[in-house]
Each structure stands twice: as structure tokens, then as C-alpha cells.
Amino acid sequence: MEPRDFVLDEMPMELNHPLGLTSKYKSPAVAMTDGSIRQLRPPLTPETLRALFTRNGGEPLSDEGGGWKLLPDGRLRELR
């Protein structure tokens, strides 16, 4: 992980794009403010990814079919 700021208006909203959200793992994962780790994977839509980046946006998000799932340990993921 490298420290860098995302410019949401310029960032491609697709997983593993070199100018966007990417990881050494097959599917990137993110830490949520509640302390949980979520794996991001298809069929995550660009609209859902943008909603995950916004704060207090009011977008409804659900674990069902959203392309992101709860991980008990974010280190136990398949490398690319």
C-alpha cells in the first residue's frame, strides 16, 4: 500500500485499474470505519464503488450481490 490521495472526479471507478483502486491481491480490500475488512470484487459497479468512497452520501449499500464481502482476516487473500 502506498500513501496517495484519490481524486474521485478523475479516478477510474473500476477495480484493479492502475490509476484507481488496486492491490497486490487478486481483489482489493478496504478497512471500514467500523473496523471491518471488506473484499471488493466483481460485480461491484462503478456507482457502488463511488458510494463507498463518499461520506454521508445517503446511498443505500447492501452486502447482498454488491461485490463486497466481509473478511474475517484481510491477509488471507489470494495474490495475483
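Hey, any hits in the range 72-80 for a residue that's among the aliphatic types (A, V, I, L, M) and surrounded by 10 or more Cβ atoms within 10 Å (Cβ to Cβ)? No, every residue in the range 72-80 fails to be among the aliphatic types (A, V, I, L, M) and surrounded by 10 or more Cβ atoms within 10 Å (Cβ to Cβ). Picking from residues in the range 39-75 that are modelled with pLDDT under 80 and polar (S, T, N, Q), the one that is nearest to H17 (Cα to Cα) is T54.
If you go through the range 27-80 and keep only what is within 14 Å of L15 (Cβ to Cβ), of a type outside the set (K, R) and part of a strand (DSSP E or B), you end up with A29, V30, Q39, L40, W68. Inside the range 9-58, residues that are more than 26 Å from P72 (Cβ to Cβ), hydrophobic (A, V, I, L, M, F, W, C) and loosely packed, with under 12 Cβ neighbours inside 10 Å make up a count of 1.
The values are calculated or read from the model by the stated rules, or taken from the named source; none is laboratory data. Here the structure is a predicted model, which means the values were calculated and not measured. When we count neighbours, we look across all protein chains shown, and the Cβ atoms used for this are built from the backbone with ideal geometry, even at glycine.
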